[in-house]
1. Inside the stretch 117-162, can you point out the residues that are in a helix (DSSP H, G or I) and free of Cβ contacts under 8 Å to residues at least 40 places away in the same chain?
2. Given the criteria part of a loop (DSSP other than H, G, I, E, B), touching a residue at least 60 places away in the same chain (Cβ under 8 Å) and out of contact with any helix residue (DSSP H, G or I) (no Cβ under 9 Å at 6 or more places or on another chain), does Gly165 qualify?
3. List the helices (runs of 4 or more DSSP H) inside the stretch 169-271, counting only whole elements, that have at least 2 residues being closer than 19 Å to Val148 by Cα and not basic (Lys, Arg).
4. So, Gly256, is that one in contact (Cβ under 8 Å) with a residue 12 or more places away in the chain and within 29 Å of Ile88 (Cα to Cα) or not?
5. Assess whether Glu212 counts as being surrounded by fewer than 17 Cβ atoms within 10 Å (Cβ to Cβ) and farther than 13 Å from Asp135 by Cβ.
6. Might you let me know whether the stretch 166-176 holds any residue that is out of contact with any Pro (no Cβ under 7 Å at 6 or more places or on another chain), buried (at least 24 other Cβ atoms within 10 Å of the Cβ) and either on the phi > 0 side of the Ramachandran plot or not β-branched (Val, Ile, Thr) (or both)?
7. Would you tally the residues in the stretch 115-161 being more than 24 Å from Glu187 (Cα to Cα) and under 18 Å from the mean Cα position of the chain (by Cα)?
8. Out of (1) touching a Ser or Thr at 6+ places or on another chain (Cβ under 8 Å); (2) modelled with pLDDT of 95 or more, what's the single condition that is false for Ala94?
Amino acid sequence: MVKEKRVIPCLDLLLDENGGRVVKGIEFEELKDAGDPVEFAKKYEAQGADEIIFLDITASVQGRETILDVIKRAAESVSIPFTIGGGISTLENAQKNLNAGAAKVSINTAGVKNPEFISKAVEEFGSNRIVVAIDCKRNPDIIDDVNVFEENGQKFWYEVMIMGGNEGTGMDTVEWAKQVEALGAGEILLTGKDRDGTCDGYDLPITRAVAEAVSIPVIASGGVGTVEHMVEGVIEGDADGVLAASIFHFDKYTVGDVKEEFRKRGIPVKS
């Protein structure tokens, strides 16, 4: 049976006096307000989104837990599954988010700093409820034991980034993805920081490399500006799911537009 590809809107959240707003930036910076997260979630469900991902983008940097109120309101308003990420650093915090209505939690910084946290979360909640988000950035300073890529005569590797994409780790992205799978995570959310918010398309070399290195699902993220970019994500990037934010938030395209194009191209999707 051919596996259906998922189309996933992403809602980047920023804490404010009203509890949380959807924002969008470029390379994780220059954030601008887009609207209320729950209203967006309802709109995307109506458009046929397979699931939604909420990312509380400053939770780790600010050392706080995720915006639980948004999760509770979303759970009351939509029936499609959604994932929450950002600041998930303890089993207790993960449990709070799952209890609030999230189908899955996404672990990033805390998992890099303490890989055992991933395996403990899998043991506690099951692999199908644990996503590991990997933010990565091209690094031209080649070192030993990294996977080297080349584009337009330039060689580079992909470094794992943490703390909202602000801090390098010295870790190779492909190798970390393999370790994430070995720790039991159910899927990987892969974001190329160099492309985030640029509307230039996914960073396809690393998307394909990670997808080929692991057997768990990989969601491509970062850089969508057109429906064609999402087609490229599943065909050239070999991703199981494709995530986008700006093109949906500002009504450039709908989820339905993407699925219609996928069907035209012979890419299996849910109705």
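1. Result: Phe117, Lys120, Ala121, Glu124, Phe125.
2. Here the answer is yes, as Gly165 does meet what is asked.
3. Correct list: 173-182, 204-213.
4. Taking the combined requirement at face value, the residue does not satisfy it.
5. Yes.
6. no
7. 0
8. Of the numbered conditions (1) touching a Ser or Thr at 6+ places or on another chain (Cβ under 8 Å); (2) modelled with pLDDT of 95 or more, the odd one out for Ala94 is (1).
The values are calculated or read from the model by the stated rules, or taken from the named source; none is laboratory data. It should be emphasised that the depicted structure is a prediction, and the values quoted were computed from it without experimental measurement. Here Cβ is always computed from backbone atoms with ideal geometry, including for glycine, and neighbour counts include all displayed protein chains.
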